[in-house]
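Inspection log for the structure reproduced underneath, given as structure tokens.
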């Protein structure tokens, strides 16, 4: 189920529908459903996305996932909490514009996508690579998947050496715009964007090792 049929919501609905999933989209404005393609086979329900009657008409009791992607932070969080706490929907995510709010809701167990913070971070890292930019954090806040700046000292070295030195686990490398799954023997190249998993308590040490390079 998707709350909000703007650019993000309509694209999500289109892709899930094309993938063979049963989709229901809720929006306060019936005109918003015009964004859906003519081939869309799902349901559309006009109403407030956190209203229980609206949600039940849309089939919330049968939903396995709920995405709140309207243009309002408060509405998205409220709808996400109703879906999780009142209807026990297994997979719930909310789009949040305010990154400070996103951190609070993550601690409450509501996975969020902070669009402003993510976009700002991505632009900064392309201009001035530095530290670790978070891609994902588990609901307990313990483990993060981050794009970590890689110092020149690691170029030509194997992933195994980087992992041993830092205790992080490299999930994949973005090379020339293409994600590449790696193994211990993968050799790091100049320009690689490394995405690694590590404990939040180890972030400072991981950033230091990635930036400084291997000890000779």
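Listed residues 138, 184, 204, 190; which is modelled with pLDDT of 75 or more, loosely packed, with under 15 Cβ neighbours inside 10 Å and closer than 30 Å to residue 68 by Cβ?
138
Listed by first and then second residue, the pairs linking a residue in region 55-66 that is more than 15 Å from residue 44 (Cβ to Cβ) to a residue that is assigned to a helix (DSSP H, G or I), with Cβ atoms under 7 Å apart and 6 or more places separating them unless they lie on different chains, are 66/80; 66/83. Among the residues making up region 47-85, those that are assigned to a strand (DSSP E or B) and crowded, with 17+ Cβ neighbours inside 10 Å are 66, 67, 68. Here is a check on your reading of the model: is residue 109 surrounded by fewer than 18 Cβ atoms within 10 Å (Cβ to Cβ), outside any helix (DSSP H, G or I) and in contact with a helix residue (DSSP H, G or I) (Cβ under 9 Å, 6 or more places away or on another chain)? It is true that residue 109 is surrounded by fewer than 18 Cβ atoms within 10 Å (Cβ to Cβ), outside any helix (DSSP H, G or I) and in contact with a helix residue (DSSP H, G or I) (Cβ under 9 Å, 6 or more places away or on another chain). In the set (1) touching a strand residue (DSSP E or B) at 6+ places or on another chain (Cβ under 7 Å); (2) over 15 Å from residue 111 (Cβ atoms); (3) surrounded by fewer than 14 Cβ atoms within 10 Å (Cβ to Cβ), residue 91 fails one condition alone, (2).
Scanning region 5-27 for residues that are under 20 Å from residue 96 (Cα atoms) and either more than 25 Å from the chain's Cα centre (by Cα) or without any contact (Cβ under 8 Å) to a residue 40 or more places away in the chain (or both) gives 5, 7, 10, 11, 13, 25, 26. Checking 51, 38 one by one, the residue that is out of contact with any helix residue (DSSP H, G or I) (no Cβ under 6 Å at 6 or more places or on another chain), free of Cβ contacts under 8 Å to residues at least 12 places away in the same chain and closer than 18 Å to residue 11 by Cα is 38 and no other. Just one of the listed residues (171, 196) is farther than 30 Å from residue 83 by Cβ, modelled with pLDDT of 90 or more and not assigned by TED's automatic domain parsing to the domain that holds residue 78, and it is 196.
Those strands (runs of 3 or more DSSP E) of region 132-216 in which 3 or more residues are within 17 Å of the chain's Cα centre (by Cα) and under 24 Å from residue 102 (Cα atoms) occupy 132-137, 143-148, 193-199.
The values are calculated or read from the model by the stated rules, or taken from the named source; none is laboratory data. Only a predicted model underlies this, so the values are computations on that prediction, with no experimental measurement involved. With ideal geometry, Cβ positions are generated from the backbone for all residues, glycine too; neighbour counts draw on all protein chains shown.
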